[in-house]
Structures are given as C-alpha cells and as structure tokens.
Amino acid sequence: MITLVQDLGWAAIRFVDHLGKLAIFAAQIVRAALTRPARLRAFVNELFTLGVLSLVIVCVCGLAVGMVLGLQGYNTLVRFGAAQSLGAVVGLSLIRELGPVLTALLVTGRAGSATTAEIGTMVATEQLDGLRMMSINPVHLVVTPKTLAMIAVMPLLSALFILFGLGGGYFVGVTLMGLDGGTYVSSLQSAVDYYDDVVGSLLKALVFGILVGLIATYRGYTAKPTSAGVSAATTSTVVIGSVSVLIFDYFITALWGV
Amino acid sequence: MSRSSVRDFVVGLFVLAGLGAVAYLSMNVGNFSFRKDGGLTVFAQFDEIGGLKARAPVVIAGVKVGQVDSIALDKDYRARITLSLDAALKLPVDTSASIVTAGLLGDRYISLQLGGDDKDLKPGDEIRFTESAVLLERLLGKFIYNTNSPTPKKE
C-alpha cells in the first residue's frame, strides 16, 4: 500500500520535473531562434523532411476521411430528408475538429517519431557532445530548425488535409450519391464562418505544431544514449504527442469555442 | 547538407500549396468577403426576436446581403440588433426590417424591404421600421383562447 502511494508520488514528481525541463527547453529554443545566424538552410531542409514527405500520407488520409464522412453523413442525413446539408456536416467536422487533430496525429507518427529518433541517435553517438566541443550550441543548430519547421508545417498540412477531405466528401455526395453540386457547396459556405471556424482551425493546428515539435525534440534531446533509450524515446514521442494533442484539443475547444 | 535546387523547389511548391489551401479555405469556404469593419453597419430594434441568432443572414428579395453581428438588450428592454451589410448597398432611410422564418420551424433570418426615401442610410444609422418575429406558440395560444371564450352559450 505504502509502495503504491510512493510510486504515485514518484510519478507525479517525475511529471512535474519533465514539465519544468520542457519549459526550460522551450525557452532555450526561443532564445536560439532569435540568435544569429538564422539557420535558414537547416530550416528549409526540415520543411522538406517534415512537410513535403508527409504530404502524401496527409492528402491520402484527408481524401479517405472526407469520403467516409460523406458516406456516413449522407446515409444518416437522408433518413431525415436533410441530405442537402451534407456539405455543412462534412465541412464543419473537418475544419473544426478532424483536420487539425488527424493531421497532428499523422505528423506525430510520421515526422515526430523520425525527429526524435534522429536527435536521439545523435545523442547516443555523441554527435551533440562533439558540437558542444566545437562550441556550437546543438539546440541552435539541430533542435531549433526542427521545432520551427514542425510549427510552420502543421497549419499548412492541416489546410491541405481539410481541402482534400472536402474534395472527398464532394466526390461521394455529388458524384456517387447524386446530390446537387451547388447545394453541397452552398451549404458548406453558409455553415462555415471565417473567424470562428477557419481561423480557429488554423490556430488549433499551430498549437498542435508547437506541442508536437516541442515533445519530439525534447524526447530526442533527453534520450538515454543507448539503442534501447532511443527506441523508448521514439515510442514515448508518439504516445505522449498523440495523447497531449487530444487532451489539448478538448481544452482549446472548451476555452476558445473552436 | 548542401544546397539542392530540386529540393528547394519542392519545398517552395509545398509552401505555396499550403498557403493556397489556407487562402481557398478563407476566401471560398469561410465567406471572407463579409468583413466586420469593411461593411455597412446599421442597427435595428425589435420587441421580439424569437430564435434569431448572431450570424443569421440578412436578405433583400431572398438574396443574402449581410449578417447579424450581435444581439443585445437595450435600456428599454428591447432587442438591439447590429447588422453588418455589404458596403456597396444603398438603402433608403425608410427601409424596414422584419424577422422571418425559413419554412414553418426553420431558422430565423432578417429580411429588408426597401423604402422610397431619397436619403440613404449611413453607417451607424438605425432602421426605424421593424417587424418583430411571429412566435408560433403565441399565435396558437391566441387561436385557442379565441375559439374557447368569447361566444357565450345560449340558454
């Protein structure tokens, strides 16, 4: 019984400890981002590995999710004779919720894990120590471009996901189920508001980008310098990243009403 | 890593595509055109607005020309509605606004009927002639009351 309480206490202490270290790490990244020289070349390369290489999976998943939403929405709505509001159903659920969240989950699995593994391997092979010996700040050279690229990439990928999803919903509703194309588009346009829905969706994606970017780089940077340590860090990036995206999603929705 | 023109080009394309998607969502899906500041903002007071909500459409002859910005209660306990309309509209000062329902139980929206005055409404003006929402429940209540009471029975 006492050991159980002790375990709980130890877990709580470690959690707070990690939170504090994460905050210090975030402050280091912010300071590195403002320090010259700006690592533009590394940033563009990270845009490529994190963004462009995630493009296919994000677009394909967006299309598939949109088509499923179109099919499910149509089959449900047609029972109430409300199939003409399919565009609103598909659009609002994609823009407000599914677009940012699913993109963040996909990017966590596809790019976040790779980021952690890369930095973790650099830690394990003492490359970061080598950089420090040459008095190059590894946070400045290695970590910051990755975090910033993740933050920049997330809203863009989320917007593309939503766009492909809307296309998938259009394909199922209009082409397969025979709804009128103009009805689909006009119900979409009348339901979606610029400030409440589109800007909120992009802000949500931005917050998720910050979250995943920080967690992925922090986990890699603090990985134990063994092969088991790197693999544990990669796993925990995916687990903690996904869970915190979903938890933050609830609070953003509750607080900002997005 | 060295500079690679192909990769840079692809990254550029990716950023352009992402920004294009954002722009498309904003312009075509999100009705960016009805900006809050750029439009013609007028006020209207109603005794009863029924289930009118913010962002409800404002129409002239069935064509959407703006939306309800905000709903508040003024000091006389009447509903004060802020309408933001298309800036290009020229509405006579004796334009009237009425709250109508789409279908029997559908959403409420505001319909404007143009007047014949020479002067136009300016931003910040108030629409003086308003027609409140018709509440179906109240109408039914009146109908039941009327059929029950007024005719006295003959003895």
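The values are calculated or read from the model by the stated rules, or taken from the named source; none is laboratory data. Computed from a predicted model, the values in this text were never measured in an experiment. Methodologically, a virtual Cβ is constructed for each residue, glycine included, from the backbone with ideal geometry; neighbour enumeration extends over all protein chains shown.
Annotations for the structure displayed:
- Exactly one residue out of A:Leu160, A:Leu166 is at the interface with chain B (Cβ under 8 Å from one of its Cβ atoms), within 13 Å of A:Gly91 (Cβ to Cβ) and not aromatic (Phe, Trp, Tyr), and it is A:Leu166.
- Subset of region A:101-116 (residues that are closer than 14 Å to A:Val239 by Cα and in contact with a helix residue (DSSP H, G or I) (Cβ under 7 Å, 6 or more places away or on another chain)): A:Ala104, A:Leu105, A:Leu106, A:Val107, A:Thr108, A:Gly109, A:Arg110, A:Ala111, A:Gly112, A:Ser113, A:Thr116
- Pairs, first in contact (Cβ under 8 Å) with a residue 12 or more places away in the chain and farther than 27 Å from A:Leu156 by Cβ in region A:106-134, second outside any helix (DSSP H, G or I) and of a type outside the set (Asp, Glu), C-beta under 6 Å, six or more apart: A:Val123/A:Ala223; A:Val123/A:Pro225; A:Ala124/A:Pro225
- For region A:82-137, filtering for residues that are aliphatic (A, V, I, L, M) and under 26 Å from A:Thr222 (Cβ atoms) leaves 16.
- Applying the criterion of being under 15 Å from the mean Cα position of the chain (by Cα) and part of a loop (DSSP other than H, G, I, E, B) to the residues of region B:106-129, the residue that is surrounded by the fewest Cβ atoms within 10 Å (Cβ to Cβ) is B:Gly106.
- Contact annotation: residue pairs with Cβ atoms under 6 Å, 6 or more positions apart or on different chains, pairing a residue in region A:29-51 that is touching a residue at least 12 places away in the same chain (Cβ under 8 Å) and more than 14 Å from chain B (Cβ to nearest Cβ) with a partner that is part of a helix (DSSP H, G or I) and of a type in the set (A, V, I, L, M), are A:Ala32/A:Val139.
- Criterion (under 30 Å from A:Asn45 (Cα atoms) and either acidic (Asp, Glu) or modelled with pLDDT of 85 or more (or both)) met by exactly one of B:Ala72, B:Ala23, B:Ala44, B:Ala79: B:Ala23
- Residue list for region A:144-157, filter: surrounded by 24 or more Cβ atoms within 10 Å (Cβ to Cβ) and either facing chain B (nearest Cβ under 9 Å) or not in a helix (DSSP H, G or I) (or both): A:Val153, A:Pro155, A:Leu156, A:Leu157
- Some residue of region A:81-102 being of a type in the set (Ser, Thr, Tyr), closer than 25 Å to A:Phe208 by Cβ and within 14 Å of chain B (Cβ to nearest Cβ): yes
- Residue that is nearest to the other protein chains (Cβ to nearest Cβ), among those in region A:185-196 that are crowded, with 20+ Cβ neighbours inside 10 Å and part of a helix (DSSP H, G or I): A:Leu188
- Of all residues in region A:235-258, those satisfying the criterion of being of a type outside the set (Val, Ile, Thr) and under 19 Å from A:Lys224 (Cα atoms) are A:Ser236, A:Gly241.
- Residues of region B:80-105 classified as outside any strand (DSSP E or B) and under 17 Å from B:Gln67 (Cα atoms), total: 8
- Which numbered condition A:Gly9 fails, given (1) in a helix (DSSP H, G or I); (2) under 26 Å from A:Pro145 (Cα atoms); (3) of a type in the set (Gly, Ala, Ser): (2)
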